[in-house]
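Below is one structure, written out as structure tokens; the observations come after it.
Values in this text are rule-based calculations from the coordinates and carry no lab data. Remember, predicted model here, so these are calculated numbers, not experimental data. Ideal geometry is used to build each Cβ from the backbone, glycine not excepted, and the neighbour counts take in all protein chains shown.
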Ligand SMILES: Nc1ncnc2c1ncn2[C@@H]1O[C@H](COP(=O)(O)OP(=O)(O)OP(=O)(O)O)[C@@H](O)[C@H]1O
């Protein structure tokens, strides 16, 4: 029996996008040679500071924005091929909805635009799935921001797409709603759908995705499995016996971490055990006596700050 591996859900090489200014006066380079490989069936998160190029990237792989250079393959084909497009569910960052319509009519139109037959029963089920069954008789114009997002998600799910590209899917959705959306996304991934998520909410990305890429200034700085990236940026919590010289420890990279009652508790960042032991040796050579050591691991925020640097990057 031969097992055929599906093509990567997304494959991008040397992707560049320069937004031209009016009258040919130079331009702004939003993507500066991006390479990315998104395996089929993965739950992939794209994170990075404001203006990093995340939305430009998504629009390029969907054929909405024409790249200045580079190659893009989506589900093994061209993003401009209607047959490929029909297999993608997309939730844009800014969703334009017809305010005077009701949601079933909107979903019927989305289905037709995707070249599918409008299936009223299936659409009602989708609206129920995203928690909108009580709102089907209301005009979309009266929906809250969270309800609009839910409707956008229902539209993205039409036709059982193989790839879901979601730009800030939980924007405006309350915590309980986020939980529901996360459950829906996890169900889709379990079915074998590839999820490509762009979210400002790192906790959201962390809970849903198994791989992430960090984009900054139009380039991918880091990419990989979430657990591997977190391991690489490992943080350790250490406790020294009372009387340790705080200033000496600070100069060796130990940051006070405990509350006032927890004297002697510090964190230290060390990529591997050799680096950790070198830091501990330095601490001991300055008279500090280790009493406790615990791995904290890095959360996604720490990984992002480690890659991009500085505060104010949690975008
Ligand atoms: N249509 C456009 N014309 C000119 N410049 C643009 C256009 N769209 C985006 N840019 C610029 O390209 C860069 C990348 O923007 P993009 O929206 O892709 O970033 P982003 O990572 O999605 O940001 P955010 O997290 O703030 O949504 C920014 O400097 C932005 O100002």
Label points 7 Å out from Cα along the Cβ direction at residue 179 and residue 250: separation in nm? 4.2 nm
Relative contact order for the chain: what is it in percent, counting Cα pairs under 8 Å that are at least 6 residues apart? 20 percent
Based on the alpha-carbon gyration tensor of the chain, what equivalent-ellipsoid semi-axes (square roots of 5 times the eigenvalues) come out, in whole Å, largest first? 43, 24, 19
Would you calculate the separation in nanometres between label points at residue 207 and residue 68, each defined as 7 Å from the Cα along the Cα-to-beta-carbon direction? 3.9 nm
The alpha-carbon center of the range 126-172 and that of the range 1-63 are separated, in whole Å, by 25 Å
For the chain, give the share of DSSP beta bridges that are antiparallel, in percent and rounded to the nearest 5; count only bridges with both residues there. 65 percent
Order by neighbour count: 54, 102, fewest other Cβ atoms within 10 Å first, most last. 102, 54
So what's the Cα pair-distance distribution over the range 6-48, bin width 10 Å, in %? 24, 38, 24, 13, 2
Would you please give the FRET efficiency between residue 5 and residue 289, computed as 1/(1 + (r/R0)^6) with r the Cβ-Cβ distance and R0 = 45 Å, to the nearest 0.05? 0.25
Residue of 67, 49, 82 that the Gaussian network model of the chain assigns the largest fluctuation, springs spanning Cα pairs under 10 Å: 82
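Rank these for me by crowding, 88, 140, going from fewest to most other beta carbons within 10 Å.
On the way: 88 23, 140 18.
By the 10 Å Cβ count, ascending, the order reads 140, 88.
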Interatomic Cα distance distribution for the range 234-297, bins of 10 angstrom, percent: 24, 62, 14, 0
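Among 223-230, 202-209, how do they line up by average Cβ neighbours within 10 Å per residue, starting with the highest? Spell out each step's value before the answer.
Numbers: 223-230: 15.8, 202-209: 19.0.
The peptides rank, most packed first, as 202-209, 223-230.
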Rounded, prolate or oblate (a/c below 1.5 giving rounded, otherwise prolate when a/b exceeds b/c) for the range 1-120 by Cα gyration tensor: oblate
Counting only the backbone N, which residues of the range 193-223 are under 11 Å from the spot 7 Å out from the Cα of residue 29 toward its beta-carbon? 218-219
Say each of residue 273 and residue 125 gets a label point 7 Å from the Cα, pointing the same way as Cα to Cβ; how far apart are those two points in nm? 5.2 nm
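Below 8 Å between Cα atoms, with a sequence gap of 6+, how large is the relative contact order for the range 234-297 in percent? Write out the running numbers ahead of the final one.
On the way: 103 pairs, mean separation 33.9, N = 64.
Result for the range 234-297 is 53 percent.
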